1. It is to be established whether one or more residues within the range 35-45 are within 25 Å of Gly17 (Cα to Cα) and at pLDDT below 75.
2. Return the residues of the range 1-26 that are over 15 Å from the mean Cα position of the chain (by Cα) and either among the β-branched types (Val, Ile, Thr) or at pLDDT 70 or above (or both); say none if nothing qualifies.
3. Just one of (1) modelled with pLDDT of 80 or more; (2) outside the structural domain of Ala16 (by TED's automatic domain parsing) trips up Leu63, so point out which.
4. Can you say whether Asp80 is at pLDDT below 80 and in a loop (DSSP other than H, G, I, E, B), as far as the supplied structure shows?
Amino acid sequence: MRDQKVLVEMLWPREAGEFIASKSKDVKINPDGVKKAAVAITDAVIKGNVKLEAFTQNELFPLDKGLSEEELANWIFLVDSLNFNF
């Protein structure tokens, strides 16, 4: 069995990405791409082309489906896990 470390604290997205990229053979972070994406999203929000609500309510984030907090947390974990694996 490979030597594995157990994380005992939550990592913020930036730190999680850095951790994953540092341990992965196939995942790399392109800093220029991250900056371009951040600028594009910020510009779209400022211009009104993208509403912040679009990030919190869509078919994959079912806030209005009557789920309990635990069910919603489980759903988000499932979707994020699938997203990471693909």
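1. no
2. Passing the criteria: Val6, Val8, Glu9, Ser22, Lys23, Ser24, Lys25, Asp26.
3. Here Leu63 clears every test but (1).
4. no
The values are calculated or read from the model by the stated rules, or taken from the named source; none is laboratory data. Bear in mind that the values here come from a model prediction, so they are computed numbers and not experimental data.
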